[in-house]
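Values quoted throughout were computed directly from the atomic coordinates according to the rules given, and no laboratory measurement underlies them. Only a predicted model underlies this, so the values are computations on that prediction, with no experimental measurement involved. Note that each Cβ is placed from the backbone with ideal geometry, even for glycine, and that neighbours are counted across all protein chains shown.
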Amino acid sequence: MTQTASTPNHALATQLRESRLKAGLRHFIGGEWVDSQGGETFQTHTPTDNSPLATVASGDARDIDRAARAAHDAFQTWREVSGAERRKILHKIADLIEVRAQDIAVLESIDTGQAIRFMKSAAVRGAENFRFYADRAPGAADGQSLPAPGFLNYTLRQPIGPVGVITPWNTPFMLSTWKIAPALAAGCTVVHKPAEWSPVTATLLAEIMDEAGIPQGVVNLVHGFGETAGRALTEHPLIKAIAFVGETVTGSHIMRQGADTLKRVHFELGGKNPVVVFEDADLEGALDAVVFMIYSLNGERCTSSSRVLIQEGIYDEFTARIAERARNIRVGDPLDPNTEVGPLIHPRHCEKVLSYFDRAREEGATVAAGGERIGTEGNYVSPTLLTGARNEMRISQEEIFGPVLTAIPFRDEAEALALANDVKYGLAGYLWTRDLTRAHRFAQALEAGMVWVNSENVRHLPTPFGGMKASGIGRDGGDYSFDFYMETKNIAISLGTHKTARLGVGGPAKVDKSEVEG
Ligand code: NAD
């Protein structure tokens, strides 16, 4: 592990701990910062050494109820605020995020263990998410004109109502903006329940939105645990939809919890994404992308390419080169600008990731690089490559969610496709080949919501983001987000030329087929 001298980031971290965290984190409900009604709190820790970081209000059903009512009341006016006005406020939020990007990045680093080099970009991306949806707010309600014989049909979109946003601990700031920005642009109000392991930047985001002029109750923040605050949010009758990012199993719980109130759900869940490298690929480019997509963000990213499928003729050489890169990765203090991999979020998650190294050996795979805990303090794990794996092994099927790559050889295209699809998840896939026709063929047959050919994950905001199979339900991005946060309504205006079939006048009524639907 690399040792770090004190940097300006460390000085800022000390100052932010004092000014922002020392007093504890509270809920933000109806425009006020409040404690839990039951007065309960919980403690978070920094992954660098697991020392206490913040005391956080622990919400339960009472706090969620208060927040849901505030969101419900605010919805009656927020839905009427013009798109142009919403646009202005969302741009203001983006401005303030940009001004405070360094604070956000430093707080995110000490809260989650993510390296500062990535967190600054993640904060800036958060601002961009608000700008993107700010500019779409004026057109969010737009629909279509669908003329029919005797009728003018037109559609319009209306915000669904107060929505719950439940976010995970990995890159929590960026992910929260990705949900909250389109909800607000659509005219919905929000109750946000961030992950209990990383609540810090959610607090800052609420503060920024308040400062930018979001009316009281339009955005509410309730901290707490999934089984209490999260559950109550998914069950609350005033909450019309749940946008959730997290584990697949939690998605199933939420679906069950929301059944009685018929919640609309949007799920972004786990992944075990394949990156397929054919012998004809640009191998230098492929190597960079493979290494980046598993070891960046500590491997704690849903789109990480955690299974690399390599054609057998290049398998040994390519895995040797990945192993060499993995050994050179700088693991260390997340606040050091040179650090590439920081500590994992929590001791429990660290233990989970470490447990896969013994499992790999038991299953007959080889630990070709890494495979161990680093140091005695904090949750540091060495960037790891597991070779000689078969697709049926647990290291090939389960989401490890750490800096751990499983390498599997394949013979030909048919086998590569079979292996790539033989997993319960279907979030993202990556493909490296110079054969254009194969690239199209393979990309179309890959069971994944998103496919990148000859590239790592490069996100373009208008495009749909989301997974199939056990990786999710629904898509984010562009107009797709509005499909979730809004109801589409059809209005049919008779032009006066249509005659209704007459009942109660005797004789056989002539009924047109268009009159007997539903
Ligand atoms: P998690 O499912 O444990 O928790 C996510 C959130 O759900 C937290 O806020 C938690 O408090 C809450 N929660 C837990 N139980 C709940 C319940 N019964 N009812 C309501 N809320 C509940 O996930 P995590 O460990 O925080 O995050 C990591 C997971 O997120 C990984 O599986 C990762 O792949 C996934 N993820 C997916 C995407 C995507 O776009 N597909 C993006 C980021 C992360």
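Residues whose amide H comes within less than 5 Å of that of PHE410, counting only those at least five positions distant or on another chain, are ILE310, GLN311, GLU312 (H built at 1.01 Å from N in the peptide plane). Local charge for GLY429 was computed over the other residues whose Cβ lies under 11 Å away, with Lys and Arg +1 and Asp and Glu -1, and equals +1.
If I take every Cα pair under 8 Å that is 6 or more residues apart in region 30-92, average their sequence separation and divide by the length, what percent do I get for the relative contact order?
Relative contact order, region 30-92: 27 percent.
Listed from fewest to most Cβ neighbours within 10 Å, the set THR155, THR44, THR167 follows the order THR155, THR44, THR167. Across the chain, Cα pairs under 8 Å and at least six residues apart give a relative contact order of 17 percent. On a per residue basis, the convex hull of the C-alpha atoms belonging to region 401-518 measures out at 245 Å³. The mean sequence distance of close C-alpha pairs (under 8 Å, at least 6 residues apart), as a share of the length of region 175-262, puts its relative contact order at 27 percent. Here's the picture: charge each Lys and Arg Cβ at +1 and each Asp and Glu Cβ at -1 in the chain, and of ALA286, GLY388, LEU16 the one pushed furthest to the positive end of that dipole is LEU16.
Filter the DSSP H helices in the chain by two things, a Kyte-Doolittle mean of at least 0.5 and an axial alpha-carbon span of 15 angstrom or more, and list the hits by number. Before the final figure, lay out the partial values.
Working: long enough: 61-78 (25 Å, -0.79); 83-99 (24 Å, -0.12); 101-112 (16 Å, 0.43); 116-136 (30 Å, -0.41); 172-186 (22 Å, 0.97); 200-211 (17 Å, 0.82); 283-295 (18 Å, 1.55); 312-328 (25 Å, -0.95); 347-363 (24 Å, -1.36).
Helices meeting the span and hydropathy rule in the chain are 172-186, 200-211, 283-295.
Packing here is the average count of other Cβ atoms within 10 Å per residue, and on that basis the peptides 180-191, 110-121, 459-470, highest first, run 180-191, 110-121, 459-470.
Sorted by average packing, counted as other Cβ atoms within 10 angstrom per residue and highest first, what order do 373-381, 254-262 take? Display every interim value, and only then the final one.
On the way: 373-381: 18.1, 254-262: 14.6.
The packing order, highest mean first, is 373-381, 254-262.
Summing Lys and Arg as +1 and Asp and Glu as -1 over all other residues whose Cβ lies under 11 Å from the Cβ of ARG157 gives a net charge of -3. A straight line joining the Cα centroids of region 26-62 and region 438-509 runs 39 Å.
Arranged from fewest to most other beta-carbon atoms within 10 Å of their beta carbon, MET393, MET174 become MET393, MET174. Shown for VAL275, VAL331, VAL516: other C-beta atoms within 10 Å of each C-beta, ranked fewest to most, produce the order VAL516, VAL331, VAL275. For the chain, DSSP calls about 45 percent of its internal beta bridges antiparallel.
For region 70-137, what is one quarter of the convex hull surface built on the Cα atoms, given in nm²?
Values: hull surface 21.6 nm².
Computing the convex hull of the Cα atoms and averaging its projections yields 5.4 nm².
Here the label points at GLN158 and GLU80, each 7 Å from Cα along the C-beta direction, are separated by 1.4 nm in the simple model.
Let me check I've understood the local charge: for CYS302, count other residues with C-beta under 11 angstrom from its C-beta, Lys and Arg +1, Asp and Glu -1. What total comes out?
Details: positive: LYS272, ARG301; negative: GLU247, GLU268, GLU300, GLU399.
My count for the surroundings of CYS302 gives -2.
In this structure, the amide hydrogen of ILE29, modeled 1.01 Å from its nitrogen in the peptide plane, lies closer than 5 angstrom to those of VAL34, LEU221, counting only residues at least 5 positions away or on a different chain. Extent of region 1-82 along its three principal axes (Cα atoms, max minus min coordinate, largest first): 54, 35, 23 Å.
Given the C-alpha atoms of the chain, compute the convex hull and give its volume per residue in Å³. List each step's numbers first, then the result.
Working: hull volume 90.0 nm³, N = 518.
Here the figure is 174 Å³ per residue.
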